[in-house]
Each structure stands twice: as C-alpha cells, then as structure tokens.
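I have placed the structure first, in the form of structure tokens, so that the comments after it can refer back to it.
The values are calculated or read from the model by the stated rules, or taken from the named source; none is laboratory data. This structure is a prediction, so every number in the text was calculated from the model and none was measured. Glycine also receives a Cβ, built like all others from the backbone with ideal geometry; neighbour counts cover every protein chain displayed.
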Amino acid sequence: MKITILNGSPRKQNTAAMVEAFAEGAKAAGHEVETIQVGKLKINGCLACEYCHGKGEGKCVQKDDMEKVMPAYMDCDMIVFASPIYYFDMTAQLSAAIQRVYAIGKPPKATKAALLLSSASPNPFEGAIATYKNMLAFMGIEDKGVFTAAGDENGSEAKLTEIREFAKAL
C-alpha cells in the first residue's frame with residue numbers, strides 16, 4: 001500500500017514524533033511511505049474560481065507548492081493527516097492543502113485515512129476531528145483511526161508505540 005503523510009507542522013515539534021512513529025510502523029509492515037511537510041510549503045487557499053472544474057480540467061489556476069502535493073494525492077492508497085492544534089484546529093497550511101483537493105474532488109485511489117493530532121493543551125481536538133470525519137464521509141474514504149496526544153502524552157513512548165503498532169497492523 002502506498003501511504004502519503006501530510007504533516008501540517010511548520011517546525012519540528014511533537015507532531016513530527018507521531019509522524020515518524022507512524023512511518024516506522026508502516027514501513028515495517030512493508031508499506032511505501034511518503035511524508036510531505038506541507039507546513040513548510042507555500043500553499044494558498046482555494047479561490048472558489050471554478051477554473052479547475054472548467055478550463056483547468058482538474059488543475060488549479062494557482063501555481064504554488066500545491067503542485068508538489070497533488071501527485072501524492074493522485075497516487076496514494078491511504079492518506080494520513082498530521083497536525084499540531086493551533087487555536088482549536090489543524091494548521092492553516094494543512095487546511096489549505098486539504099481544501100485544494102477540491103480541484104480533483106477526492107484522491108482517486110485513496111480508500112483509507114488516519115489523523116494524527118498533537119497539542120500542549122488538554123483537549124482542543126474536537127474541531128479538527130469533526131472536519132476530518134466530515135471530509136472522509138464526503139469523499140467515501142474509510143477512517144482507520146484518530147490519534148491525539150495532549151500535554152505529557154506528546155513524545156511519550158507509550159503514545160508513539162500505540163501509533164507505531166497501529167501502522168504495523170495496516
């Protein structure tokens with residue numbers, strides 16, 4: 001299975017450890033894993049101009065770093081969204097990369113997804129989880145799991161082992 005991980009963190013922090021644990025487990029199970037640091041890319045939000053659904057034939061009118069992400073969306077069997085929580089939601093960078101999938105409707109081969117979220121605060125995950133679940137329902141993609149780490153759970157061996165074992169079992 002080809003797995004794409006979109007990491008919305010613009011810097012190395014707790015989310016990176018979760019991403020690394022997932023990638024280790026998935027690779028140990030024989031899966032191909034590609035991680036894209038969307039948090040470090042320049043991706044604009046969707047303009048709702050409809051170019052992609054008309055003249056663009058699935059291509060966005062904007063020429064930005066989404067051109068580095070779209071091939072992974074097109075080719076993955078599973079997509080993993082990873083983000084720290086900044087003010088009750090995923091990072092703006094990851095949200096932009098998610099919203100720009102509008103150009104193609106949904107990743108054409110993806111049948112599975114997972115979500116990795118980290119926060120220093122005790123429980124700010126509800127908004128991001130709702131967005132994720134609503135998006136998957138719309139796209140017809142199966143949710144394989146949501147993993148959150150708050151406060152002291154961040155970077156803990158117990159949390160990283162849980163994520164690693166989950167990915168191994170895919």
* How do the pairs read when you match residues in segment 109-133 that are farther than 20 Å from Pro10 by Cα and small (Gly, Ala, Ser) with residues anywhere that are part of a loop (DSSP other than H, G, I, E, B) and at pLDDT 95 or above, using Cβ under 8 Å and keeping only pairs 6 or more apart or on different chains? -> Ala110/Cys76; Ala110/Asp77; Ala110/Ile141; Ala113/Ile141
* Within segment 154-170, which residues are at pLDDT below 95 and buried (at least 18 other Cβ atoms within 10 Å of the Cβ)? -> Asn154
* Long-range neighbours under 8 Å by Cβ, at least six apart or interchain, first residue surrounded by fewer than 12 Cβ atoms within 10 Å (Cβ to Cβ) within segment 39-54, second in a loop (DSSP other than H, G, I, E, B) -> Lys42/Asp64; Lys42/Asp65
* To do: Write out, first by first residue and then by second, each pair whose Cβ atoms fall under 9 Å of each other, whose residues are 6+ apart or on separate chains, and whose first residue, in segment 1-24, is on the phi < 0 side of the Ramachandran plot and of a type in the set (A, V, I, L, M) while the second is surrounded by fewer than 16 Cβ atoms within 10 Å (Cβ to Cβ) and part of a helix (DSSP H, G or I).
  => Ala21/Thr161
* Asked: Can you find a residue in segment 71-80 that is under 30 Å from Glu153 (Cβ atoms), charged (D, E, K, R) and either modelled with pLDDT of 95 or more or assigned to a helix (DSSP H, G or I) (or both)?
  -> yes
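Among helices (runs of 4 or more DSSP H) lying entirely in segment 84-170, which contain 3 or more residues that are basic (Lys, Arg) and more than 13 Å from the chain's Cα centre (by Cα)?
Here the list reads 157-168.
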